[in-house]
Every structure is written in structure tokens, then in C-alpha cells.
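The values are calculated or read from the model by the stated rules, or taken from the named source; none is laboratory data. Predicted, not measured: the structure shown is a model, and the values here were computed from it. Note that each Cβ is placed from the backbone with ideal geometry, even for glycine, and that neighbours are counted across all protein chains shown.
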């Protein structure tokens, strides 16, 4: 893989490109992959959209996956629902800013790595990093006429699996950094 930043290369090694498209599939049978069971799993509404999740519920899913989670993030807008997911291994910390879309349960994710408390490079959006990995392999964009997808959470099972797998990916990046 050429022309990838060190962070994108680390994300590629952790399987970001393959996982990202799975995470974006709200129609997948996520209950089969979830560890928990949910009385009201599906968020599908009668109009075909998804009922919005409460920010606290989304944050709790990342905390249950083993990350430190705090409300607020480095996204510049004050009119958003965001939080920070932190995963540390030794002196390396992956700091993921997550913004939950308004009216959708879409996840905009912006990652930065800190080594000994110092920011290593510029933050990178995970959807952009996933696209860069595919392009570096000579693979096409899934739909070049549309913006690159973000996960839209359609069930509580999907939220659990995506949160768990993202935390695992961040742990892999932190563990193998540098």
C-alpha cells in the first residue's frame, strides 16, 4: 500500500476498509453477531427511517466495549451530538471523536493517535481512511456518484457490534503503533 499516511496504514492493517462497509450495512442481521439481546432491537420506523438513539445509549455501547468515553469532542460545531472514545495501550492512545448525525444515527468518526501524550499527526476521518485504503489497493469506490458512506445505526445489535469492533480496531492500532 503506497501513499498512505502512517495512521491510515495502521488502520488498513487493522482491517478498516473491510469492516467499514460492514458497519455501514444497517440491513445486515446484526443480532446474529451481537453478544446481547435487545427487547426493542430494531430502530426501523413505520416510515422507513430509523428512530434516533439517545447520545447516552451510543456512548454506553462504546464504554461496554472497553473504551473510556466522554461527552463532547473536537468537532468544531456546537450544534451536534458528539463524544470521544479513548483506547490506550501503553503510552499510545487512540482518540476517536464521534459525531452522531441529526435525525439519523449516522456516525462521523475522526481519529487521532497520541504517543506519550503528544499528537502524532493530523486527525483522519475514518470514512476517508477506508476509501484511501481501497484506492491504494486499486479497488473502486463502492458508489463513486455518492459521498463515501458512514455507518447508520439501524438496530441496537448493530450499535453493539460496531462499537465493539471499532474499539477492537483502535486497540489494534494502539498496540501496533510505531
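Here is a yes/no grid of residues against (1) crowded, with 17+ Cβ neighbours inside 10 Å; (2) closer than 12 Å to residue 16 by Cα; (3) in contact (Cβ under 8 Å) with a residue 60 or more places away in the chain:
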| position | (1), (2), (3) |
| --- | --- |
| 114 | yes, no, no |
| 129 | yes, yes, yes |
| 134 | yes, yes, yes |
| 138 | no, no, no |
Exercise for the section: May I ask you to verify whether residue 30 is touching a residue at least 60 places away in the same chain (Cβ under 8 Å), crowded, with 20+ Cβ neighbours inside 10 Å, over 15 Å from the mean Cα position of the chain (by Cα) and on the phi < 0 side of the Ramachandran plot? Expected result: yes
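Can you tell which of 89, 113 is closer than 25 Å to residue 35 by Cβ and modelled with pLDDT of 95 or more? Please lay out each step first, then the result.
Details: 113 fails: closer than 25 Å to residue 35 by Cβ.
So the residue among 89, 113 that is closer than 25 Å to residue 35 by Cβ and modelled with pLDDT of 95 or more is 89.
Assess whether residue 27 counts as being in contact with a helix residue (DSSP H, G or I) (Cβ under 6 Å, 6 or more places away or on another chain) and either part of a loop (DSSP other than H, G, I, E, B) or farther than 18 Å from residue 158 by Cβ (or both).
On the way: in contact with a helix residue (DSSP H, G or I) (Cβ under 6 Å, 6 or more places away or on another chain): no; either part of a loop (DSSP other than H, G, I, E, B) or farther than 18 Å from residue 158 by Cβ (or both): yes.
For residue 27, the condition - in contact with a helix residue (DSSP H, G or I) (Cβ under 6 Å, 6 or more places away or on another chain) and either part of a loop (DSSP other than H, G, I, E, B) or farther than 18 Å from residue 158 by Cβ (or both) - is not met.
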Counted residues in segment 87-105 being surrounded by fewer than 18 Cβ atoms within 10 Å (Cβ to Cβ) and touching a residue at least 40 places away in the same chain (Cβ under 8 Å) come to 6
Selection status of residue 122, modelled with pLDDT under 95, loosely packed, with under 13 Cβ neighbours inside 10 Å and under 21 Å from residue 176 (Cα atoms):
yes
Residues of segment 5-21 being touching a helix residue (DSSP H, G or I) at 6+ places or on another chain (Cβ under 8 Å) and over 14 Å from residue 123 (Cα atoms), in sequence order, are 12, 13, 14, 15, 16, 17, 19, 20, 21
### Message
On the basis of being out of contact with any strand residue (DSSP E or B) (no Cβ under 7 Å at 6 or more places or on another chain) and surrounded by 14 or more Cβ atoms within 10 Å (Cβ to Cβ), does residue 12 make the cut?
### Response
yes
Within the bounds of segment 143-158, is there any residue that is touching a helix residue (DSSP H, G or I) at 6+ places or on another chain (Cβ under 9 Å), farther than 30 Å from residue 38 by Cα and without any contact (Cβ under 8 Å) to a residue 60 or more places away in the chain? yes
Subset of segment 38-60, residues modelled with pLDDT of 95 or more and out of contact with any strand residue (DSSP E or B) (no Cβ under 9 Å at 6 or more places or on another chain), comes to 57
Picked from segment 50-86 (must be in contact (Cβ under 8 Å) with a residue 40 or more places away in the chain and in a loop (DSSP other than H, G, I, E, B)), the residue nearest to residue 108 (Cα to Cα) is 74
